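Novice: The structure that follows is given in the form of structure tokens.
Read the figures in this text as sums done on the coordinates, not as results from a lab. Predicted model, so just to flag it, every value in this text is computed and none were measured. Positions of Cβ are generated from backbone atoms using ideal geometry, with glycine treated the same way; all protein chains shown enter the neighbour counts.
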Ligand SMILES: C[S@@+](CC[C@H](N)C(=O)[O-])C[C@H]1O[C@@H](n2cnc3c(N)ncnc32)[C@H](O)[C@@H]1O
């Protein structure tokens, strides 16, 4: 079966095997903004807080006036940035009004949120002196163009901290299949699951790398299986998944991941490699 073309209008409201309705051309986020998606992001934040905190603590000396968390979701990463860097003001930006509304409920003093498309600059408010982006570039069609736009929007001498997966694997068939399916779906939208492995920072991006490392992480299979099972509940309704993936297979995969999450089935730890970068504005942009 030839894959459907995302962003192609279909005359029918029912996606067929050869055409998919995914709305107008532009950015497409596959992991949703329902309550289930928000629960998953809470678990994701807990799983990655130690490694993110290690990176952000390196920047404790910065004390920026204004920090921006790009693609903030329900605010977990925003609150982490605010707690560790103590900016005067921290602004979380996300395209999802639902996630922004959830984030606002738990906003500490000094933290605010706005609905905003991150590829669109300038950002609301003053040019940020610090920018943070975790698990966002993997969802953008043209991450390099986004980086260049962010340089344009940032204050002189601004610092950008980036975190994206460069690799993820587990020696267990359910995980292997899960990563294959997500990779295929993201590729159909012009996105890269393991963007951290490929990302380059050319001088014309307006950034220069001060720190660029690959952090190996080993995360418990049960924890990751829970995250992935929740995510299947969300992305199985994505137009591409509905047209191209077998619903019975997704049911079986969710059951198997659920069993690993409950500890009813054993699996080895998930090996992740995180690309962590600290960039400074001024690389020739
Ligand atoms: C995987 S979540 C990461 C959330 C948060 N950065 C964290 O690490 O906890 C990605 C977030 O980016 C948002 N997002 C994706 N594409 C976006 C875009 N083009 N503009 C603004 N937000 C976007 C999604 O709505 C989602 O909340």
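Novice: Compute the FRET efficiency between residue 46 and residue 86 as 1/(1 + (r/R0)^6), taking r as their Cβ-Cβ distance and R0 = 22 Å, and round to the nearest 0.05.
Specialist: 0.50
Novice: Taking the chain as a Gaussian network, where each spring joins two C-alpha atoms under 10 Å apart, which residue of 111, 121, 100 fluctuates the most?
Specialist: 121
Novice: Go ahead and run the numbers for FRET between residue 273 and residue 36, Cβ-Cβ distance against an R0 of 30 Å, rounding to 0.05.
Specialist: The value I calculate is 0.65.
Novice: Once label points are set 7 Å from the Cα along Cα→Cβ at both residue 203 and residue 155, what is their separation, rounded to one decimal in nm?
Specialist: 2.7
Novice: On to the next question. Taking 0.36 nm per intervening residue step and subtracting the Cα-Cα distance, what contour gain separates residue 176 from residue 65 on full extension?
Specialist: 35.6 nm
Novice: Express in % the proportion of alpha carbon pairs of region 90-169 at distances exceeding 19 Å.
Specialist: Tail fraction, whole percent: 40.
Novice: Evaluate the Kirkwood expression for the hydrodynamic radius of region 187-252, namely the inverse of the mean inverse distance over all pairs of different C-alpha atoms, and round to one decimal in Å.
Specialist: About 15.4 Å for region 187-252.
Novice: Something else: What share of Cα pairs, in percent, lie more than 35 angstrom apart in the chain?
Specialist: 17
Novice: Taking the alpha-carbon set of region 112-208, what are its Rg and Dmax in Å?
Specialist: Gyration radius and largest Cα-Cα distance of region 112-208: 15.4, 48 Å.
Novice: I need the fraction of alpha carbon pairs in region 173-285 separated by more than 21 Å, rounded to a whole percent.
Specialist: Taking all Cα-Cα pairs of region 173-285, the fraction more than 21 Å apart is 50 percent.
Novice: For region 152-235, what value does the Rg/Rh ratio take when both radii are computed over Cα atoms and Rh is the Kirkwood radius, given to two decimals?
Specialist: 1.05
Novice: Using only helices, what value at 222 nm comes out for the chain when you add -39,500 (n - 2.57) per DSSP H run of length 4 or more and divide by the total residues, to the nearest 500 deg cm²/dmol?
Specialist: -12000 deg cm²/dmol
Novice: Between residue 183 and residue 252, 0.36 nm times their residue separation minus their Cα-Cα distance comes to what?
Specialist: 23.0 nm
Novice: Another question, if that's okay. At what distance in angstrom do the alpha carbon centres of region 120-188 and region 213-253 lie from each other?
Specialist: Taking the Cα centre of region 213-253 as reference, the centre of region 120-188 is 19 Å away.
Novice: Say each of residue 237 and residue 104 gets a label point 7 Å from the Cα, pointing the same way as Cα to Cβ; how far apart are those two points in nm?
Specialist: Taking the simple label geometry, residue 237 and residue 104 are separated by 2.2 nm.
Novice: Using the basic label-point model (7 angstrom from Cα toward the beta carbon), what is the residue 126 to residue 211 distance in nanometres?
Specialist: 2.5
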